[in-house]
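A short write-up of the structure that comes next.
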Amino acid sequence: MPDRLLLRVGAASQLALGGLLALSPLIRAFGLGDSSAFLITGLLLGLPHGAVDHLVPAWMSARARQLPARVTLLVVYAAVAGAGLAAFRAAPNLALVGFLVVSVVHFGTADVAFRAERDRRPIRPGVAVVLAYGGPPVVIPLALWREQVDPLLAAVAPQAPALLTVEVRTLALATVLCAVTVTAIRQVRAGCVRDAGQPLLLAGLFGTVPPALAVGAYFAAWHSCRHVARLLRHDPRNTADLGAGRLGPPLRRFARQAAAPTVVAVVALVALVTWPSHRADPLPATVAVLAALTLPHAVLVAWTDRREPGPPRPTGRPGQRT
């Protein structure tokens, strides 16, 4: 039987992006959605979904609850994020291209894991399905919205648009569209009709809605929301509440857990933008901070996805609440 929480969150995210897709003719007719403010807002709204990464290993493994393991995790996480930020400063063009590739893999495997956990079955990511879910948010805007996307890329890394030649973008687009088609057909044949429309929805959204709005909405209302729903299930202290259908206490618990790390990330971003001697533009600074956090986050999520899906086992006394 599918997990109720993930089933509802998945339906809500699909409805949100489906509504945006339905409004795409009006959005384009009135010239809406082009502002980078939509992108920045969506990225910031989705920021908390990775803010409890430092707690996840302790939820999943008894060994990770020991103090040395927790300290090691924080040090390694910060070091990898710092290395990512340094890479953006030292070689922004290559760093941005690498970030785009990592994003495709991360977005795709996240959706595969979400559906597997929703249906309580093992996670088995294949190349086609990963590209079908992870490719549209990255590849389609790069290929079909060059006039809008290239100035954003150039603001982050001046030579990045030149590295992504027309041939590279066309080949990537053809590959992603093939993956979307193959995945949809396979899901229909497997009887998963409700899932077959999801990669088609993503392809339609990013093909018709201006990329700043489409990416911002996807990151906040699809990727981040689905990941937060999985995190609520992974926290052992939420087991009793979720089993009883109580969503409020787990959400409040997550908000408390994510508050401090989110504030730290936002403060770091504000410092980059407003520091008197080293002021940075908001968009490049936001992308650089997000990219720096994405690599350790993606590695940690990949580690989580290797574990069997299903409800977590409580670590405290039965019925214990915090």
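Just checking, does region 205-226 include any residue being surrounded by fewer than 21 Cβ atoms within 10 Å (Cβ to Cβ), at positive phi and not β-branched (Val, Ile, Thr)? Within region 205-226, not a single residue is surrounded by fewer than 21 Cβ atoms within 10 Å (Cβ to Cβ), at positive phi and not β-branched (Val, Ile, Thr). Residues being under 24 Å from Leu20 (Cα atoms), buried (at least 21 other Cβ atoms within 10 Å of the Cβ) and more than 18 Å from the chain's Cα centre (by Cα) are entirely absent from region 164-173. For Val301, are the conditions met, namely being modelled with pLDDT of 85 or more, part of a helix (DSSP H, G or I) and within 23 Å of Ser103 (Cβ to Cβ)? Yes: the conditions hold for Val301. The set of residues in region 31-66 that are under 20 Å from His106 (Cα atoms) and not hydrophobic (A, V, I, L, M, F, W, C) comprises Gly42, Gly46, Pro48, His49, Gly50, Asp53, His54, Pro57. Looking across Pro314, Pro261, Pro282, Pro249, one residue alone is out of contact with any Phe, Trp or Tyr (no Cβ under 9 Å at 6 or more places or on another chain), at pLDDT below 70 and not aromatic (Phe, Trp, Tyr). It is Pro314.
Could you list all residues from region 183-219 that are out of contact with any helix residue (DSSP H, G or I) (no Cβ under 7 Å at 6 or more places or on another chain) and part of a helix (DSSP H, G or I)?
Narrowing region 183-219 to residues out of contact with any helix residue (DSSP H, G or I) (no Cβ under 7 Å at 6 or more places or on another chain): 185-186, 189-194, 197.
Within region 183-219, Ile185, Arg186, Arg189, Val193, Arg194, Gly197 meet the criteria.
Sort through Val104, Val71 and tell me the only one that's surrounded by 18 or more Cβ atoms within 10 Å (Cβ to Cβ), of a type in the set (Val, Ile, Thr), assigned to a helix (DSSP H, G or I) and out of contact with any strand residue (DSSP E or B) (no Cβ under 8 Å at 6 or more places or on another chain).
Details: Val71 fails: surrounded by 18 or more Cβ atoms within 10 Å (Cβ to Cβ).
That would be Val104, the only listed residue that is surrounded by 18 or more Cβ atoms within 10 Å (Cβ to Cβ), of a type in the set (Val, Ile, Thr), assigned to a helix (DSSP H, G or I) and out of contact with any strand residue (DSSP E or B) (no Cβ under 8 Å at 6 or more places or on another chain).
Results for (1) surrounded by 16 or more Cβ atoms within 10 Å (Cβ to Cβ); (2) within 30 Å of Ala292 (Cβ to Cβ), shown as yes or no for each residue.
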{"position": "Arg120", "(1), (2)": "no, no"}
{"position": "Tyr133", "(1), (2)": "yes, yes"}
{"position": "Pro158", "(1), (2)": "no, yes"}
{"position": "Cys178", "(1), (2)": "no, no"}
{"position": "Gly191", "(1), (2)": "no, no"}
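In region 1-14 there is at least one residue matching the filter, namely being within 26 Å of Ala217 (Cα to Cα) and without any contact (Cβ under 8 Å) to a residue 24 or more places away in the chain. Please verify whether region 220-227 includes one or more residues that are modelled with pLDDT under 80, in a helix (DSSP H, G or I) and within 30 Å of Leu144 (Cβ to Cβ). No.
Do you know which of the residues in region 84-101 that are in a helix (DSSP H, G or I) and over 20 Å from the mean Cα position of the chain (by Cα) is farthest from Leu163 (Cα to Cα)? Among those residues, the one meeting the criterion is Ala86. Taken over region 107-124, the criterion of being without any contact (Cβ under 8 Å) to a residue 40 or more places away in the chain and part of a loop (DSSP other than H, G, I, E, B) is satisfied by Arg124 alone.
The values are calculated or read from the model by the stated rules, or taken from the named source; none is laboratory data. Nothing here was measured: the structure is a model prediction, and the numbers come from that model. In this analysis, Cβ positions are derived from the backbone assuming ideal geometry, glycine residues included, and neighbour counts consider all displayed protein chains.
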